[in-house]
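Below is one structure, written out as structure tokens, with a few remarks after it.
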Amino acid sequence: MSEALAIAGGTPIRTTPFPPRRPFGAREEELVLEAIRSQNLFGKSGNFVPRLETEFAQFMGSGYAQTCTSGTAAIHIAVGAVNPDPGDEIITAPITDPGSVMPILQQNAIPVFADVDPITMNMTPESIEANITDRTRAIILVHLFGRPCEIEKVVEIARRHNVTLIEDCSQTHATRYKGKYVGTFGDIGCFSLQQSKHMTTGDGGICSTDDQATYYRMKLFSDKGWDYRYMGERDHAFLAPNYRMNELTAAVAVAQLARVRQVVEKRHRLGRILSELIADAPGITVLPISDDYEVSWWNYVFHITGHDPGRFCEAVRAEGVPVGPHYIGDPIYLRGDFLAKKITYGKSQCPFSCHVTSRNYEYTRDLVPGAVQALKTVAIFGLHEDMSEGDIEDVGAAIQKVARNLAT
């Protein structure tokens, strides 16, 4: 007979809190103090911003890196490098942060959403290609939850259709796919350094590329179009925002870069252990594992396919394990009025109007049935590198206990 669930009065699996994540240490303190003592925190004339850009490019195996203020800014810089005409289309993911979408609109281009695999939740190559039109200028390929997409297939599609491939690696830092880091397969790799990321500065971002012309465009776009090569009368080459990183942020990032691989390796190992522990739990589906790539688990995700997800997660939480259902609940274009009601620039609804396109874009739930299905069943646990194997064993035991009880 199954052990009674804690939610029904039984003994919970875990009664002590999980350890908090502690991403910062003595090295960050040391380098921040060094930056402050320099009496200059302006990145363009500092030491840490150029050092970070050089070291990040070397780490990634890329030719160039450009720092900025956030992951959203990194995506905006990449879209700015593409330089779309108003009304051009950029394909992106329906399960993501608004930071993968809003920069498209900020350049007066139009987001188009490819569907995802309902288990991995990553964009499928087939849906990406099906959404390419004569107006497509770029693909923003979102590697979700630390799991790489089918990159090689998407690279081939992008090259065949002559569109720029931007990899959104905001949840997938320092993660290897067939021996190379995610973010080095496409034309531009974009990374967030927000507090929850594998490598964090609280907020911040960085882009990488191998193409010199792309790098120059990104560098100018991050700094009001400031033409650092010519100066003189050509101070500002084009319309652009100010996304400059400061020395304090870069100092923290330099320290973080030195240990991001340790963070990723630990998360990959803990996630694999958890997947093995719950793989045979009734009514549970884990994401497939392959030796071809790492999964760096920004958060650990699995699917509740044989139970009510809300009820299941409530029961697991009663066992002392904080698990939540549904992630964002709906495709990202239904999560805000900027697309659902086309609230963009004043009352104009640009770029959907303004005589730049004759097409009608309606963002409805039936556009991405795979994403809708995935969001119904997905559950999330905040796995991180400061957890132990014992912690993960408790998570696995709680999920197994609830799954087996609810299956009877």
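The values are calculated or read from the model by the stated rules, or taken from the named source; none is laboratory data. Please read these numbers as outputs of a predicted model, since none were measured by experiment. We place every Cβ from the backbone using ideal geometry, glycine too, and count neighbours over all the protein chains shown.
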Problem set entry | Matching residues in the stretch 16-43 - criterion: being over 30 Å from ARG317 (Cβ atoms) and crowded, with 16+ Cβ neighbours inside 10 Å | GLU28, LEU31, VAL32, ALA35, LEU41, GLY43
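Any residue in the stretch 141-152 that is surrounded by fewer than 24 Cβ atoms within 10 Å (Cβ to Cβ), in a loop (DSSP other than H, G, I, E, B) and either in contact (Cβ under 8 Å) with a residue 60 or more places away in the chain or basic (Lys, Arg) (or both)? Give the derivation first.
Here is the first cut: in the stretch 141-152, the ones surrounded by fewer than 24 Cβ atoms within 10 Å (Cβ to Cβ) are 145, 150-152.
From what is left, the residues that are in a loop (DSSP other than H, G, I, E, B) are 150.
Still in the list and also either in contact (Cβ under 8 Å) with a residue 60 or more places away in the chain or basic (Lys, Arg) (or both): none.
No, the stretch 141-152 has no match at all.
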Exercise. Restricting the stretch 260-315 to residues that are modelled with pLDDT of 95 or more, among the β-branched types (Val, Ile, Thr) and not in a helix (DSSP H, G or I), which is surrounded by the fewest Cβ atoms within 10 Å (Cβ to Cβ)?
Worked result: THR305
Exercise. Any residue in the stretch 382-392 that is touching a Gly at 6+ places or on another chain (Cβ under 6 Å), outside any loop (DSSP other than H, G, I, E, B) and over 29 Å from PRO103 (Cβ atoms)?
Worked result: no
For this session: Exactly one condition in (1) of a type in the set (A, V, I, L, M); (2) closer than 29 Å to SER127 by Cβ; (3) touching a His at 6+ places or on another chain (Cβ under 6 Å) is not met by VAL368; state its number.
Result: (3)
For this session: For residues that are within 28 Å of HIS173 (Cβ to Cβ) and more than 19 Å from the chain's Cα centre (by Cα), tally how many sit in the stretch 326-348.
Result: 2
Exercise. What residue, among those in the stretch 177-222 that are without any contact (Cβ under 8 Å) to a residue 60 or more places away in the chain and small (Gly, Ala, Ser), is farthest from ARG21 (Cα to Cα)?
Worked result: ALA213
Seminar exercise, completed: If we keep only residues of the stretch 178-222 that are surrounded by fewer than 24 Cβ atoms within 10 Å (Cβ to Cβ) and in contact with a Leu (Cβ under 8 Å, 6 or more places away or on another chain), then the residue nearest to THR69 (Cα to Cα) is ASP203
Seminar exercise, completed: ILE166 passes all but one of the listed conditions (1) part of a loop (DSSP other than H, G, I, E, B); (2) under 15 Å from HIS143 (Cβ atoms); the exception is number (1)
